[in-house]
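The values are calculated or read from the model by the stated rules, or taken from the named source; none is laboratory data. Since we're looking at a predicted model, the values are computed, not measured. A quick note on method: Cβ atoms are made from the backbone with ideal geometry, for glycine too, and the neighbour counts reach across all protein chains shown.
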């Protein structure tokens, strides 16, 4: 049993501040919360943390990441001209993912997971690609989750873009294999509780109807949802109209791949009718403000009308404090109508994804909820109340305040220190990055 004593418990959605709260954690679940709630549990406690009035808040969720990008920071491979989004994919990302080895995937997962935890992100939903080593690739992502103690979901992004139907089928099989592994462990009682699976696909313009049929079958077999980029660039939209004669969300829906677990990413250039269809299917639309800005693909003005809008990073780390701020400020720059509390709801919305996949409640400091928590050093220079939590998030709180992180009831970072050798992990990752960049230079863009 773990006890957090005398905390200032802060919830994002619905917003709430509980002063002088004890938080009692039994195994992976919050057992009791409130002033003096721990009094009858001290004799059973394995560890007690005196928070001394520090803020404790639910862990943050990154609802879309690309762990395969972990070794791309400062990439020194020879990158050709990138005047548009498609050339960025061909010159950089598709060369990088074709260059990945099993070892690269593992080190990418390790450093991305450590970086996430440092920022108070306790769950990451990954979208993986490694065309040169598809079978078993998701296991290497999972190793990074579990060795660092991070909660995560992953999938393989099915595509025909390199080797046609054969490549697509391998991706489909990897998604099914990984999901069935999780299901078997759940049934046998050996599941760690940390990792779940989706069914991935790259983007509609790189997935044929035949591949979509296979993806639909994988969704039906596994009971999961699709995780796919949609309308990130206008080309995706025009491709769907030109080759299939329909809006791309209609095409996906006609294939039977949009359900309440569907994770649809970006959606910058969707139509109002497509947003309505997403809402009807109770699916999620994942907004990645920094990535959209970085790639110059335009602004998503649909956010106020999306039922389940949530926040991701699209591979630009997992600092969700930063993503929240930039998403809000970019929205205001675009003369949007939303306020900070709308974006805290989006940030907290990642917990709804976790609930649909892990089948348990997340994101609130209440008995029965998953014990994914962050102890923060944030000192408020003004009153911190339920009514202004979002304002503190937008203009004050940040990853620099994260002190201790608890995932699934276990302390994975305490006083900003890990039990694993972080410096060695980063050294190994740097060595892998050098090899990766060198190999990228041998591949042509295509």
Every residue from the stretch 165-175 that is crowded, with 20+ Cβ neighbours inside 10 Å and either farther than 17 Å from residue 141 by Cβ or in contact with a helix residue (DSSP H, G or I) (Cβ under 7 Å, 6 or more places away or on another chain) (or both) = 168, 172, 174, 175
In the set 48, 61, the lone residue that is touching a strand residue (DSSP E or B) at 6+ places or on another chain (Cβ under 8 Å), in a strand (DSSP E or B) and farther than 30 Å from residue 424 by Cβ is 48
Among the residues of the stretch 278-291, count how many are surrounded by fewer than 24 Cβ atoms within 10 Å (Cβ to Cβ) and closer than 16 Å to residue 319 by Cβ.
-> 2
May I ask you to verify whether residue 258 is within 20 Å of the chain's Cα centre (by Cα) and on the phi < 0 side of the Ramachandran plot?
-> yes
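Conditions tested, residue by residue: (1) touching a strand residue (DSSP E or B) at 6+ places or on another chain (Cβ under 8 Å); (2) surrounded by fewer than 23 Cβ atoms within 10 Å (Cβ to Cβ).
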position: 329; (1), (2): no, yes
position: 356; (1), (2): no, yes
position: 363; (1), (2): yes, no
position: 371; (1), (2): yes, no
position: 377; (1), (2): yes, yes
Tell me, which helices (runs of 4 or more DSSP H) wholly within the stretch 302-402 include 3 or more residues that are under 19 Å from residue 7 (Cα atoms)?
-> 389-395
Residues within the stretch 18-39 that are surrounded by fewer than 14 Cβ atoms within 10 Å (Cβ to Cβ) and closer than 19 Å to residue 411 by Cα, tallied = 1
From the options 391, 409, 396, residue that is in contact with a helix residue (DSSP H, G or I) (Cβ under 8 Å, 6 or more places away or on another chain) and modelled with pLDDT of 95 or more = 391
Residue identified as without any contact (Cβ under 8 Å) to a residue 12 or more places away in the chain and either part of a helix (DSSP H, G or I) or closer than 30 Å to residue 232 by Cα (or both) among 43, 115, 104, 97 = 43
When you go through 144, 132 one by one, which is the residue that is outside any strand (DSSP E or B) and surrounded by fewer than 20 Cβ atoms within 10 Å (Cβ to Cβ)?
-> 132
